[in-house]
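**Q** Pasting a structure below so you can have a look.
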Amino acid sequence: MNRIKPIAGLCVCLLFSIGCVSQTSRSLIDLDAKLSSESYVRKFDNFMVILDTSGSMKEKMGGRTKTEYSKMLLKRINGMMPDLKMTGALRTFGYSVSISEKGESDLVYWPVKYQKDKFEEAIEKIKWASGTTGLDVALDRSIQDIEPLEGNTAIIIFSDGKLDKETTIRSAEKLKLSFGDRICFYAVHVESETNDIRRNKIDRNLLNAVAEIGRCGFCTSSKQLETNIQIAEFIEKVFMDSDSDRDGIGDAYDTYPDTPDNIMADDSGRLKQPIEAQAPGYQEPEEQVTAPPVQDKEKVEPGEEEEKFVETEPDAPVEPYHAEPEPDDSIEESEIEAYEPESMEGYAYELESVIFDTILFSNGDSSVHPRIRPRLNAMAAELKRNPEIKLLITGHTDPTETDNPEKLSRLRAEAIGQYLIDRGVHAQRLDIKGLGDDSPRNSNMSPVGRADNRRVEFYIMK
């Protein structure tokens, strides 16, 4: 996979450069070489630059206005950008291209295939800074710019931060609400050449607050983009993600960042079996269907029926047998809805249009990665539309990843539960349990099986 899917998240980026980049500076840091090494992948499918050209940007910085300084930075970033094959856009706020009414925001480079020469031409169209238009106007206008785009978009805001706090935060939250995890905010603070440290800090804090709304971006200072090395690091942090196992999924979004080279992941992040050599220690099962443990006939109560198994289609993948979570006093066995493997993929429970599918975790991890947030957002929305539904959330581990599997499995289930609660699902509707490594759903003899056992599952309770 050479791109991040829309589930993962969208970021809107703002790029700003300074001046034409020389052949010497480009030869010093070749980000294309890193990209071609397959150790890095792009984070986003699109980016948008939002450049502050309002009146406060007429102040001097480094012998030129803040707007000219920002343009110079943007050109340098543009010159060092690797070939990421993205859609790009450039929008300003304030009077920049033409004298216009208050409230204007100009789309200088329409959302089209990103080309360095065309993008630099667009930067050159920006002539001056004036007016009182705020960042909120540009953020509101960018919604219609982004709507037709597919995949993730990146936004870095280049501004001195002299903005109206209330309207800026409100518009950033509106944009985030419109696109969810498909958008991040990055900001470059163009600091004023003043001894008023307090004023600079206030302006920087506002841009920090905008970046935090995106939950996946950051704010930096223009003083941290003075050298080619600093600019290259900025480009890497914003646009590129390391890919340790070279499977085409960046580590930040990869459920299995340390998967062996011969193990491939599909678009949903679930592992596939080795395509050539089997993983070390992996053994193919002798039979397609693994029977459950044989029951002790003497312990079977009168009238109790033996478990029946559904015969799979010849070419269908077969899920190994796993024990159901053992109910406690608060959850009766009859409350857990039956699992129907023939009706859905994996261990999932279906509620109208949403599949409550299994969530997989990296080794020793219990955090909610950006990759799975769109699925959890959809789950939370569906639960809020169906207030009568209650969920049992069970966490699981493999036996090799921790000395305390009960604690780690509980942390995994709690992290998912808290994410749903933060999005409006009442805590009383969720029952959280950590089952340790007692209920594997796959063999622990292989890396594939162990990865499949590091999970959280959902049971709809009647």
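**Q** Within the stretch 46-74, track down each residue that is more than 30 Å from the chain's Cα centre (by Cα) and of a type in the set (D, E, K, R).
**A** Lys58, Glu59, Lys60, Arg64, Lys66, Glu68, listed by residue number.
**Q** State all residues of the stretch 154-201 that are in contact (Cβ under 8 Å) with a residue 12 or more places away in the chain and among the basic types (Lys, Arg); if no residue qualifies, say none.
**A** Lys162, Lys165, Arg170, Lys174, Lys176, Arg182
**Q** Something else: Name the one entry in Leu135, Leu139, Leu74, Leu90 that is farther than 13 Å from Phe158 by Cβ, hydrophobic (A, V, I, L, M, F, W, C) and either crowded, with 24+ Cβ neighbours inside 10 Å or outside the structural domain of Ile29 (by TED's automatic domain parsing) (or both).
**A** The conditions single out Leu139.
**Q** Moving to a separate point now. Could you check, for the stretch 410-420, whether at least one of its residues is hydrophobic (A, V, I, L, M, F, W, C), in a loop (DSSP other than H, G, I, E, B) and touching a Leu at 6+ places or on another chain (Cβ under 7 Å)?
**A** No, the stretch 410-420 contains no residue that is hydrophobic (A, V, I, L, M, F, W, C), in a loop (DSSP other than H, G, I, E, B) and touching a Leu at 6+ places or on another chain (Cβ under 7 Å).
**Q** Hey, another quick one. For the stretch 26-78, how many residues are among the acidic types (Asp, Glu), in contact (Cβ under 8 Å) with a residue 60 or more places away in the chain and outside any loop (DSSP other than H, G, I, E, B)?
**A** 1
**Q** Filtering the stretch 120-148 down to residues that are of a type in the set (D, E, K, R) and not in a helix (DSSP H, G or I), which residue is farthest from Lys71 (Cα to Cα)?
**A** Glu147
**Q** Can you tell me which of Ser25, Ser17 is at pLDDT below 50 and either crowded, with 24+ Cβ neighbours inside 10 Å or within 18 Å of Asp243 (Cβ to Cβ) (or both)?
**A** Ser17
**Q** Shifting gears a bit: Within the set of pairs 6 or more residues apart or between chains, which connect a residue that is under 15 Å from Phe185 (Cα atoms) and assigned by TED's automatic domain parsing to the domain that holds Asp30 inside the stretch 217-245 to a residue that is in a helix (DSSP H, G or I) and β-branched (Val, Ile, Thr) with Cβ atoms less than 7 Å apart?
**A** Pairs that qualify, where the first residue is under 15 Å from Phe185 (Cα atoms) and assigned by TED's automatic domain parsing to the domain that holds Asp30 and the partner is in a helix (DSSP H, G or I) and β-branched (Val, Ile, Thr), are Ile235/Ile77.
**Q** Same structure, new question: Could you please let me know if Ala154 is of a type in the set (A, V, I, L, M, F, W, C), part of a strand (DSSP E or B) and under 18 Å from Met86 (Cβ atoms)?
**A** Against the criterion (of a type in the set (A, V, I, L, M, F, W, C), part of a strand (DSSP E or B) and under 18 Å from Met86 (Cβ atoms)), Ala154 qualifies.
**Q** Out of Glu382, Glu388, report the one residue that is of a type outside the set (Gly, Ala, Ser), more than 20 Å from Asn453 (Cα to Cα) and either touching a strand residue (DSSP E or B) at 6+ places or on another chain (Cβ under 9 Å) or not assigned by TED's automatic domain parsing to the domain that holds Asn442 (or both).
**A** Every option except Glu382 fails the conditions.
**Q** Right, another one. For Phe158, state whether it is modelled with pLDDT under 95, out of contact with any Pro (no Cβ under 8 Å at 6 or more places or on another chain), in the same structural domain as Leu207 (by TED's automatic domain parsing) and closer than 30 Å to Pro374 by Cβ.
**A** no
The values are calculated or read from the model by the stated rules, or taken from the named source; none is laboratory data. Because the structure is predicted, anything quoted here is derived from the model rather than measured. Every residue, glycine as well, gets a Cβ built from its backbone with ideal geometry; the counts of neighbours run over all protein chains shown.
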